[in-house]
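Okay, structure first, notes after.
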Amino acid sequence: MSKLADRYSSRPDKKRVNKALNALYKSITTNPGKKGLLIPFDTSSDKFIILSDQHKGARDGSDIFAKAAKNYLSALDHYNHEKFIYINLGDSEELWENLFITIKRHNKATFEIEKLFIKQDRFVKIFGNHDLYWDNDPLAAVSLLQIYGKAIKVYEGAVLQTVVNNKPLEIFLTHGHQGDLQSDGNWFSKWFVSNVWGPLQGYLHINPNTPAYNNQLKTDHNRIMYEWSSERKNTLLITGHTHQPVFKSMTQLEILYSKLDKAKKDNEMATAAGLEKKIAALHISGNAQPDFNGYLDTYFNSGCCCFNDGDITGIEIADGCIRLIKWSYYKKESIRQVLEESKLEDLNI
């Protein structure tokens, strides 16, 4: 079984990842509509919310979305009211561990609120490795019709295009599992992973490559995604998949270290002490401060909508800014918090 796990796991390979991302980006920009959408937008008026990795399940003990469901519904109610375009970045439905009919039965409220975006043409659905069903199952169109009342198309990615400071800016969005056997294998390996190996992993609880749920240094997946994005001029990359929020190419831990370094240089000792306390609270093994000099602001990760405490994170693009946001419970109410924010024109790309 360990050999099978090694063969069909989603360990990233840089060459394979680069090849897959290059091919998808080229397909979307040269032949939009086939694998993804090309979406021009105005930074002063258009608004996007990017959420990923809900992993909607059966509301049983293994449903990691159950605690976050109320935050997710509150967030979508807010974004629908504010006329955001909702880009669902994949792994929305946990189809490794559940049959579609089970997910449909237990997630009616989430599908109903997503339908509100569909009715106003403000919904883009992208598939990930845990809901690859939407891309490769002949019954997918029927299933989408059942939950949304419309057989919408599910894509592998999207590219947003705009102009900032009189220069073109492209924002490439995809789930981020590109480069593993789920994304660039042949038709049989894709079918085997999504229909046999994936469900078997879920049933036996043997996933040696479970995505990160913490604020540590970037996972290999995120590091490779950053390296791909850093080599492209006037381009941002936004993915999900790792469940690890990244803003301007840094995780929350890395951002804390960056702020600590600045506070020390500015002799703001009270601020530095507060930041050191936050870092210590993360219980990181080892105390060596990493070096982030030279990082470009090219890579972002939406995190996930299934944290253990029910929090959800996502990326907003609105008002000429890009933001890492979190929705969390406070006195039984769902509260939106901006974790990080930057003007698009200020990004170092």
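General observations
- Given (1) at pLDDT below 95; (2) closer than 24 Å to LEU99 by Cα, number of the condition ASN165 does not satisfy: (2)
- Residues in the range 319-348 that are more than 20 Å from SER44 (Cα to Cα) and surrounded by 15 or more Cβ atoms within 10 Å (Cβ to Cβ): LYS326, TRP327, SER328, TYR329, SER334, ARG336.
- Selected residue [hydrophobic (A, V, I, L, M, F, W, C) and without any contact (Cβ under 8 Å) to a residue 12 or more places away in the chain] from ALA58, ALA66: ALA66
- Every residue from the range 87-109 that is small (Gly, Ala, Ser) and at positive phi: GLY90
- Filtered residues of the range 319-349 (kept if over 28 Å from TRP228 (Cβ atoms), part of a strand (DSSP E or B) and charged (D, E, K, R)): GLU333, ARG336
- Elements of type helices (runs of 4 or more DSSP H) contained in the range 216-318, each with 1 or more residues being in contact with a Gly (Cβ under 8 Å, 6 or more places away or on another chain), at pLDDT below 90 and within 27 Å of ASP42 (Cα to Cα): none
Rundown of residues vs (1) without any contact (Cβ under 8 Å) to a residue 60 or more places away in the chain; (2) in contact with a helix residue (DSSP H, G or I) (Cβ under 9 Å, 6 or more places away or on another chain); (3) of a type outside the set (D, E, K, R), yes/no style:
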{"position": "ASN308", "(1), (2), (3)": "no, yes, yes"}
{"position": "ASP311", "(1), (2), (3)": "no, yes, no"}
{"position": "GLY314", "(1), (2), (3)": "no, yes, yes"}
{"position": "ASP319", "(1), (2), (3)": "no, no, no"}
{"position": "LEU324", "(1), (2), (3)": "no, yes, yes"}
{"position": "LYS331", "(1), (2), (3)": "yes, no, no"}
{"position": "GLU341", "(1), (2), (3)": "yes, no, no"}
{"position": "ASP346", "(1), (2), (3)": "yes, no, no"}
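- Qualifying residue in the range 94-103 (condition: under 27 Å from PHE41 (Cα atoms), assigned by TED's automatic domain parsing to the domain that holds LYS332 and of a type outside the set (Ser, Thr, Tyr)): no
- Any hit, the range 322-329, residues being at pLDDT below 95, among the hydroxyl-bearing types (Ser, Thr, Tyr) and either over 15 Å from the mean Cα position of the chain (by Cα) or outside the structural domain of ALA68 (by TED's automatic domain parsing) (or both): no
The values are calculated or read from the model by the stated rules, or taken from the named source; none is laboratory data. Being a predicted model, the structure only gives us computed values, none of them experimental. All Cβ positions, glycine included, derive from the backbone under ideal geometry; neighbour counts span all protein chains shown.
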